[in-house]
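Remarks on the structure that follows.
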Amino acid sequence: MDLLTLLPFEELSLGLSNLRMFPFFDVAHYVVSVMALREQPGHVVQLTGSMDVAQRSPFACWFSSMLYCFGGAILSGLMMAEPPVAPLSNGTNILLASLVWYLVFYCPQDALYSCAAFLPVRLVLTGMKEVTRTWKVLGGVLQAQKKYKDGLLVMVAVGWAKGAGGGLMSNFEQLVRGIWKPETNELLKMSYPTKITLIGAVLFALQQNHYLPLQKHHLMLIYTVFIVVNKTRMMLTGSNSSPFAPVESAMYHTLFARPSKDSSLTCGTKATTKPTASAASAIDGKADGNSRNGSTAGGLECSCNGLNGSTHEPSAHEESSADQAEPKDTSNKKTD
Amino acid sequence: MDLLTLLPFEELSLGLSNLRMFPFFDVAHYVVSVMALREQPGHVVQLTGSMDVAQRSPFACWFSSMLYCFGGAILSGLMMAEPPVAPLSNGTNILLASLVWYLVFYCPQDALYSCAAFLPVRLVLTGMKEVTRTWKVLGGVLQAQKKYKDGLLVMVAVGWAKGAGGGLMSNFEQLVRGIWKPETNELLKMSYPTKITLIGAVLFALQQNHYLPLQKHHLMLIYTVFIVVNKTRMMLTGSNSSPFAPVESAMYHTLFARPSKDSSLTCGTKATTKPTASAASAIDGKADGNSRNGSTAGGLECSCNGLNGSTHEPSAHEESSADQAEPKDTSNKKTD
Amino acid sequence: MDLLTLLPFEELSLGLSNLRMFPFFDVAHYVVSVMALREQPGHVVQLTGSMDVAQRSPFACWFSSMLYCFGGAILSGLMMAEPPVAPLSNGTNILLASLVWYLVFYCPQDALYSCAAFLPVRLVLTGMKEVTRTWKVLGGVLQAQKKYKDGLLVMVAVGWAKGAGGGLMSNFEQLVRGIWKPETNELLKMSYPTKITLIGAVLFALQQNHYLPLQKHHLMLIYTVFIVVNKTRMMLTGSNSSPFAPVESAMYHTLFARPSKDSSLTCGTKATTKPTASAASAIDGKADGNSRNGSTAGGLECSCNGLNGSTHEPSAHEESSADQAEPKDTSNKKTD
């Protein structure tokens, strides 16, 4: 491409690959993550919102924040049978993250939060956080490669966990705050950050196994630019539309959609109530439902809004909170 | 025994011990496991049945299927502090299991499922799956023996986990599908497969520690024949009656039954409602309840149907679904 | 101090550090732990009290008891990526604990429980259990120090887990018994034993890293004497008042309390119901609430009783059950 030859592509990619995440990018990641935690809603009566937890039990609030900030390292450690307490051994990072936590939740006049919530500042911080995503995914892939030299799937899994761990563990992070929402999780309804991290993990795993004709630092630059540009676009337009929606929709209809005459199987052979008509309409609705809602969070999923809106809400929540927090508490919101 | 001398016992047992599970027995295990997952009921309104999850989120459905197929290896890995992602490194097995998953859930005209659900075919597949159980239990016992040479209990635990892992993890496998039923689990109410696997783990652990005067391949043959014959009998007669019910009942009454004058202790010292009469009747009912329901799934348990049917339903569910899935979702069915 | 010079301090501390926990102190720990499990309340209708579980499923009851007795070793093993089944390899301890479990739940005439519940006996047993706490915390700190020589936070975390593991895992231990109470956990609302163990872990970690000018056996004696004396005082006076309440209150108000004009943030930015007046009153109530309830279990927390009593009950439950069990099932009790 002319653009690539005009830009110093090689130098940019090498420069990016040599960039150090500590301290500025790491701090941006902590700020955006803790702000996302803070913006988690809760139940007024039960006072389970993050701010309530911050007042009721600062310790639980701190623990939750650490799960947001270091969730990927913890989850990938668990998967590789390495001590999940390893992030605690990096005292400087823990101190920084704890300081960020304290200032976001307890700063006098709420100074840090107000300042960071200002859109231009938030854009920059979110962009920097997206840069750290590349490092985390790649770090996970390399971590798996040490033990499983040809284990492509293991590399994908660990890279994905390291990059999106906080989101994948969302059910258990919420449990720390006294919230339990088993009806949804990041596998049933994948948020945009989880999807983009999975794609990154697949790309880096293929590249490390020489299936992609790209050098590592080139792929790092391309991936980083893509996720930063896309995230910025989504924040500026306030749009939830995932860039993968058309591809997902096509894959879904090709591989996974079933014709309506199988409706009797839709609700399981042991369904005890409700006629198949509603099930059939749910299935029929999928062809529409998926294109209508195709852009919302959901890993190759059908929306079935007609029958059960509550578990298929689009992540309107995504607009105002940072990525890791996006779809976790949408099950009580209907914004179709 | 004359029968043993007539049959080429030594040759049979050696032949069995040298049998390779891959690919046919492994494929049979995958088919039966994924079919059991498919037959899991759910809630119509919430669309949590497996077929619903298969339509809503193929990824979650695939993940669930992998937990069914490789749950034992994952759980035993967690217990031995070995990477739980290790099964993912065996690409061929994962590909096979994924292919089986795809065909069971999405095959045009539902060909594979219809074919495999045909009773003679199902019998053969289930018999082959039972053969893999022996390999898995023994594998777990040997895995533990490497680290804990004299750790009899560790060998039992790991052998049990490896052979029945999918069932033992059922609460968390259901969580992947958005279902959460904390009121029951495989420890509170052991299904037949879990019990038979525990017995196998105990036998193989005793044999490996030279407490049983049997050679390994002899025990493998005896155990395999027993579980295959018993499972076939249960499927052909449509009976849930566990062969251990009389032994369990006797052990329970000898060791664990308490006289009714202790009824005030039955519901805990902090019980806030309900008179002890109902508790006493629950205890009195146990002597009857246990023999009446002795044949149903339940590890040395009392049925207490009079007071709380919902958590003590017999596993009528067992009849139609393969072993690993049997008692997991019975808490919403009353089939006494 | 004159007292220290009068008492043979050095000899006492050396004597204590050489004391062997096996068998008497370990047995005391098992007895007190299993008694605490037995005194767990449950729901009459669902028969989830421990005595009910003991009748319904002795196996689940035994498993729960083992989690109470060895929970610390299991949790610290998980954190350090060491096999969590390691406690099972110590056959003698498992046999002893199982014997204690059997006698506490199934002894004819309930002999052991009645005898151990007698206050003087209970005092002695609880005191001996407190002595084992020191060994467990120190053991955890040393375990972490082997892998993370300068990892102060890791040492604190692992020491804390090893000393208070049963309590920290309470949600999952309850799950074994078919109980699930996500609205509370030991991080949201720390019980006295969990707090005292955390303090011990911090002290021993600081001492091992030479931040405290104390020798190990001196600290062991001081800490042990403090926890035994305090626990005895609490049991004799029937008081829940934590000795740390004034310090906690002061720290809370200095570091974490927020002025009422931030009330709009109290319930999260996505709160959908209820005016901020009640939130404001909750915040205003905190200054009172905390001193009023400052002595109850709660790690630096606010009580907010006015708005949501159910998640902020003081651990009246603490009076009658041993430490590990104290605040776990208080969410259905209001004893303000």
Item to complete: Take B:V202 and decide whether it is farther than 26 Å from B:Y148 by Cα and of a type in the set (A, V, I, L, M, F, W, C).
Response: no
Practice prompt. Just one of (1) β-branched (V, I, T); (2) surrounded by 23 or more Cβ atoms within 10 Å (Cβ to Cβ); (3) within 30 Å of A:A81 (Cα to Cα) trips up C:V100, so point out which.
Written response: (3)
Practice prompt. Enumerate the helices (runs of 4 or more DSSP H) found wholly within segment B:1-65, keeping only those where 3 or more residues are at pLDDT 85 or above and closer than 30 Å to B:Q215 by Cα.
Written response: B:9-17, B:24-38
Response to the item:
Taking segment A:62-76 and keeping residues facing chain C (nearest Cβ under 9 Å) and buried (at least 24 other Cβ atoms within 10 Å of the Cβ) leaves A:S64
Discussion item. Tell me whether segment C:160-171 contains one or more residues that are within 14 Å of chain B (Cβ to nearest Cβ), under 16 Å from the mean Cα position of the chain (by Cα) and without any contact (Cβ under 8 Å) to a residue 40 or more places away in the chain.
Written reply: yes
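This table checks each residue for (1) facing another protein chain (nearest Cβ under 10 Å); (2) modelled with pLDDT of 95 or more.
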position: C:N93; (1), (2): no, yes
position: C:L96; (1), (2): no, yes
position: C:W101; (1), (2): no, yes
position: C:D110; (1), (2): yes, no
position: C:L119; (1), (2): no, no
Response to the item:
Given the conditions (1) out of contact with any Asp or Glu (no Cβ under 8 Å at 6 or more places or on another chain); (2) free of Cβ contacts under 8 Å to residues at least 12 places away in the same chain; (3) closer than 20 Å to B:V176 by Cβ, every one holds for B:A73 apart from (2)
Worksheet item: Applying the selection to segment C:142-159, what residues are under 17 Å from the mean Cα position of the chain (by Cα) and more than 11 Å from chain A (Cβ to nearest Cβ)?
Response: C:G159
Discussion item. Regarding segment A:77-94, can at least one residue be identified that is closer than 25 Å to B:A86 by Cα, open to solvent by 30 Å² or more (accessible area, probe 1.4 Å) and not in a helix (DSSP H, G or I)?
Written reply: yes
Worksheet item: Regarding A:P243, is this residue open to solvent by 30 Å² or more (accessible area, probe 1.4 Å), outside any helix (DSSP H, G or I) and touching a helix residue (DSSP H, G or I) at 6+ places or on another chain (Cβ under 7 Å)?
Response: yes
Worksheet entry | Residue that is modelled with the highest pLDDT, among those in segment C:167-200 that are in contact with a helix residue (DSSP H, G or I) (Cβ under 7 Å, 6 or more places away or on another chain), within 16 Å of C:M79 (Cβ to Cβ) and open to solvent by 10 Å² or more (accessible area, probe 1.4 Å) | C:L198
Worksheet item: Pairs, please: C-beta under 6 Å, at least 6 apart or cross-chain, first residue open to solvent by less than 20 Å² (accessible area, probe 1.4 Å) and in segment C:201-230, second among the charged types (D, E, K, R)?
Response: C:I227/C:E130
Worksheet item: Among the residues of segment C:124-137, is there at least one that is touching a Phe, Trp or Tyr at 6+ places or on another chain (Cβ under 9 Å), at the interface with chain B (Cβ under 9 Å from one of its Cβ atoms) and farther than 18 Å from C:V176 by Cβ?
Response: no
Item to complete: Considering (1) buried (at least 20 other Cβ atoms within 10 Å of the Cβ); (2) among the charged types (D, E, K, R); (3) not in a helix (DSSP H, G or I), say which one C:K129 fails and leave the rest.
Response: (3)
Item to complete: From C:L123, C:L142, C:L153, grab the single residue that is part of a helix (DSSP H, G or I), under 30 Å from A:A97 (Cβ atoms) and either touching a Ser or Thr at 6+ places or on another chain (Cβ under 8 Å) or at pLDDT below 95 (or both).
Response: C:L153
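The values are calculated or read from the model by the stated rules, or taken from the named source; none is laboratory data. It should be emphasised that the depicted structure is a prediction, and the values quoted were computed from it without experimental measurement. Backbone-built Cβ (ideal geometry, glycine too); neighbour counts: all protein chains shown. Heavy atoms of the whole protein, side chains included, go into the accessibility calculation; ligands, DNA and RNA do not. Shrake-Rupley method; radii C 1.70, N 1.55, O 1.52, S 1.80 Å.
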